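What follows is a set of notes on a single structure, which appears directly below.
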Amino acid sequence: MVNMNTRGISNNISYSHLPFHTQSFLSSTSIVEPTSYNDAIKDPLWVTAMQEEIQALELNNTWCVVPLPPGKVPIGCKWVYKVKFRSNGEFERYKALLVAKGYNQQEGVDFVETFSPVAKLVTVRTVLALASLQH
């Protein structure tokens, strides 16, 4: 049997090399992220975060309601809850994300190809720098 007092992770990892504010953050964070919708609706702060997410999705016209094709099953969704902190460790906000359960889909049956428009800031800066040189 392993003695956890001599082999525990706290005996092998040290936070002493981290800045003081990071050490303080790691030792004092007491905000708990809910693991289910039923847990989240008990806290008005998480309810507000969910309302903000729904409003943002509606404002961006993220979806439109259409009839379900015959023989198809709708994809479910779930809430993911995260507490956001600033780089100095200060609390920033509660963030609730409504995500589709895309792992239930089958390629060739539910979709043919995927597209996600993502641009890295470095790429945008490079394109702008090149454009400024061409002027």
>> Being out of contact with any Cys (no Cβ under 6 Å at 6 or more places or on another chain), over 16 Å from Glu33 (Cβ atoms) and of a type in the set (Asp, Glu) is the requirement here; does Asp110 meet it?
In response: yes
> Can you pull out the residues in the stretch 80-107 that are among the small types (Gly, Ala, Ser) and open to solvent by 50 Å² or more (accessible area, probe 1.4 Å)?
Replying inline: Ser87, Ala100
> Tell me, which residue of the stretch 62-105 that is closer than 26 Å to Ile41 by Cα and basic (Lys, Arg) is modelled with the lowest pLDDT?
Replying inline: Arg86
>> For the stretch 108-129, which positions are more than 30 Å from Pro74 (Cβ to Cβ), open to solvent by 100 Å² or more (accessible area, probe 1.4 Å) and either assigned to a helix (DSSP H, G or I) or hydrophobic (A, V, I, L, M, F, W, C) (or both)?
In response: Leu121, Val122, Arg125, Leu128
> So which residues in the stretch 34-62 are within 10 Å of Leu97 (Cα to Cα) and either in contact with a Ser or Thr (Cβ under 6 Å, 6 or more places away or on another chain) or small (Gly, Ala, Ser) (or both)?
Replying inline: Ala49
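The values are calculated or read from the model by the stated rules, or taken from the named source; none is laboratory data. Note that the structure is predicted; figures quoted are calculated from it, not measured. A quick note on method: Cβ atoms are made from the backbone with ideal geometry, for glycine too, and the neighbour counts reach across all protein chains shown. Surface areas here come from the heavy atoms of the whole protein model, side chains and all, with no ligands, DNA or RNA. Shrake-Rupley method; radii C 1.70, N 1.55, O 1.52, S 1.80 Å.
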